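Okay, so here's the structure we're looking at.
The values are calculated or read from the model by the stated rules, or taken from the named source; none is laboratory data. The structure displayed is predicted, hence computed values, not measured ones. Cβ: placed from backbone, ideal geometry, glycine included. Neighbour counts: every protein chain shown.
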Amino acid sequence: MTLVANAILILALISLLIWIVLIIFRGGFWRADQCLAPVSMPIPSLPAVVAIIPARNEEMTVGRTITSLMDQDYAGDFSIILINDNSEDDTVTAAKVAAQGTDTVTIIDGKDLPAGWTGKMWAASQGVEAAKNKFPEASYFLFTDADIHHHPENLSELMAKALAEKRALVSLMVRLRCQSWSEHLLIPAFVFFFQKLYPFAWVNNPGNKTAGAAGGCMLVDRSALEKAGGIVAIKSEIIDDCALARLLKKDHSIWLGLTRSTTSLRGYDRLSDVWQMVSRTAFVQLNHSAINLIGTVIGMLFIYVVPIASIFIGFLRQETDLLILGLAAWAMMSIAYTPTLRLYRRPIWESCLLPLAALLYTVMTIDSARQYWSGSAPSWKGRPNADRTIR
């Protein structure tokens with residue numbers, strides 16, 4: 001066997017060992033089993049909750065979001081505040097139509113963005129202040145995006161989890177839309193990678209420092225948020241949901257899980273739509289570090305591309321050992337991906353496409369770094385910021 005062949009064989013072995021370690025020692029992330037349970041029995045006394053919806057240019061979805069919140073079966077007091085962050089479309093009109101004149105929904109216009117704030121955090125902060133003033137009795141905030149459809153029992157289930165387990169934060173990775181070809185290829189993979197990055201079992205273990213959250217649906221204990229410094233403590237964070245999770249987990253217990261019932265209304269019909277979503281935050285996740293970027297690229301290639309390359313080369317060169325190692329790593333990869341595919345009701349054979357999805361996400365991450373180094377910072381719904389260093 002030549003030196004090159006030996007090197008390829010070693011790479012294939014390393015890839016297989018990495019998958020063994022991930023499956024056994026990475027918090028069982030691949031099981032996709034951290035799910036919010038239905039409420040088993042009525043809760044006699046429920047705290048007052050205010051839903052806070054930062055909204056900018058959401059006329060196509062905000063009405064359905066508000067309607068789904070108004071349809072909640074929650075037995076406690078529940079109100080809704082929408083912050084219109086200088087929308088350039090008919091977001092406010094759509095929200096008013098959905099509210100149907102009820103006093104349950106309050107719509108406020110966002111103020112100009114101060115220096116040092118991201119757009120979404122400034123909108124959320126204004127919503128919190130409005131909630132404190134108008135609903136002082138509320139002890140929980142439900143932070144939700146303006147493109148989320150909440151199933152009727154969602155708030156009751158979130159609150160049951162928060163009260164039963166004394167969680168300061170209960171968040172859901174809502175079920176993302178998965179209809180177009182680009183969504184079939186990339187959305188389950190996105191959820192799989194998110195679980196690998198933030199193993200939900202570790203997040204939900206008070207003894208583990210790992211903290212993560214999904215910003216589309218987060219129930220937050222008001223008292224815990226205020227003691228942690230409030231929204232102002234994360235005012236400049238681009239990945240604000242995970243920043244909030246880290247903030248709260250310093251002194252409290254948090255929970256992150258999956259759901260089939262509460263869903264995102266936002267579509268990613270084209271590859272470019274997913275590309276924009278990922279490139280906005282990928283390099284932020286790496287702390288804008290070139291070393292972290294290089295390590296991530298090498299890691300993604302080792303984990304997802306080397307097994308396929310090993311199979312291909314092993315077959316062409318009739319190297320049985322290389323072929324077996326590649327097939328073993330690919331099989332473990334596919335088995336690990338299967339529970340997430342089932343969550344999204346996708347056929348199991350699509351596990352074969354995970355290496356392609358991983359390669360695309362790797363290129364998106366590189367492009368995220370390119371955008372940062374070229375001076376193109378991320379924005380929220382296209383909203384320009386007062387401080388151009390933070391978008």
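The table below gives the values:
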{"read-out": "Enumeration of residues in the stretch 160-180 that are assigned to a helix (DSSP H, G or I) and either surrounded by 21 or more Cβ atoms within 10 Å (Cβ to Cβ) or in contact (Cβ under 8 Å) with a residue 24 or more places away in the chain (or both)", "value": "160, 161, 162, 163, 165"}
{"read-out": "Helices (runs of 4 or more DSSP H) completely within the stretch 268-365 that count 1 or more residues being free of Cβ contacts under 8 Å to residues at least 24 places away in the same chain and in contact with a Phe, Trp or Tyr (Cβ under 8 Å, 6 or more places away or on another chain)", "value": "271-285, 306-317, 320-343"}
{"read-out": "Residue tally, condition closer than 30 Å to residue 343 by Cα, part of a helix (DSSP H, G or I) and not β-branched (Val, Ile, Thr), over the stretch 3-56", "value": "10"}
{"read-out": "Any hit, the stretch 57-73, residues being within 30 Å of residue 335 (Cα to Cα), touching a helix residue (DSSP H, G or I) at 6+ places or on another chain (Cβ under 7 Å) and part of a loop (DSSP other than H, G, I, E, B)", "value": "no"}
{"read-out": "Matching entry among 317, 345 (being charged (D, E, K, R), at pLDDT 95 or above and in the same structural domain as residue 363 (by TED's automatic domain parsing))", "value": "345"}
{"read-out": "Any hit, the stretch 40-49, residues being aliphatic (A, V, I, L, M), modelled with pLDDT under 95 and surrounded by 17 or more Cβ atoms within 10 Å (Cβ to Cβ)", "value": "yes"}
{"read-out": "Members of the stretch 250-260 found to be within 17 Å of the chain's Cα centre (by Cα) and either at pLDDT 95 or above or β-branched (Val, Ile, Thr) (or both), listed by number", "value": "254, 255, 256, 257, 258, 259"}
{"read-out": "Residues within the stretch 46-59 that are more than 21 Å from the chain's Cα centre (by Cα) and touching a residue at least 60 places away in the same chain (Cβ under 8 Å), tallied", "value": "5"}
{"read-out": "Complete set of residues in the stretch 332-343 that are farther than 14 Å from residue 196 by Cα and surrounded by 20 or more Cβ atoms within 10 Å (Cβ to Cβ)", "value": "341, 343"}
{"read-out": "Count - residues of the stretch 321-348 that are of a type outside the set (Val, Ile, Thr), touching a helix residue (DSSP H, G or I) at 6+ places or on another chain (Cβ under 9 Å) and over 30 Å from residue 5 (Cα atoms)", "value": "7"}
{"read-out": "Filtered residues of the stretch 259-277 (kept if surrounded by fewer than 21 Cβ atoms within 10 Å (Cβ to Cβ) and of a type in the set (A, V, I, L, M))", "value": "265, 271, 277"}
{"read-out": "Residue 67 among the β-branched types (Val, Ile, Thr), modelled with pLDDT of 95 or more, assigned by TED's automatic domain parsing to the domain that holds residue 263 and buried (at least 17 other Cβ atoms within 10 Å of the Cβ)", "value": "no"}
{"read-out": "Test: residue in the stretch 281-292 that is outside the structural domain of residue 163 (by TED's automatic domain parsing) and surrounded by 20 or more Cβ atoms within 10 Å (Cβ to Cβ)", "value": "yes"}
{"read-out": "Subset of the stretch 109-125 [farther than 17 Å from residue 242 by Cβ and either modelled with pLDDT of 95 or more or not aliphatic (A, V, I, L, M) (or both)]", "value": "109, 110, 111, 112, 114, 116, 117, 119, 122, 123, 125"}
{"read-out": "Failed item, numbered, when residue 238 is tested on (1) modelled with pLDDT of 95 or more; (2) assigned to a loop (DSSP other than H, G, I, E, B)", "value": "(1)"}
{"read-out": "Output for the stretch 75-108, where each listed residue is within 12 Å of residue 146 (Cα to Cα) and touching a residue at least 60 places away in the same chain (Cβ under 8 Å)", "value": "82, 85"}
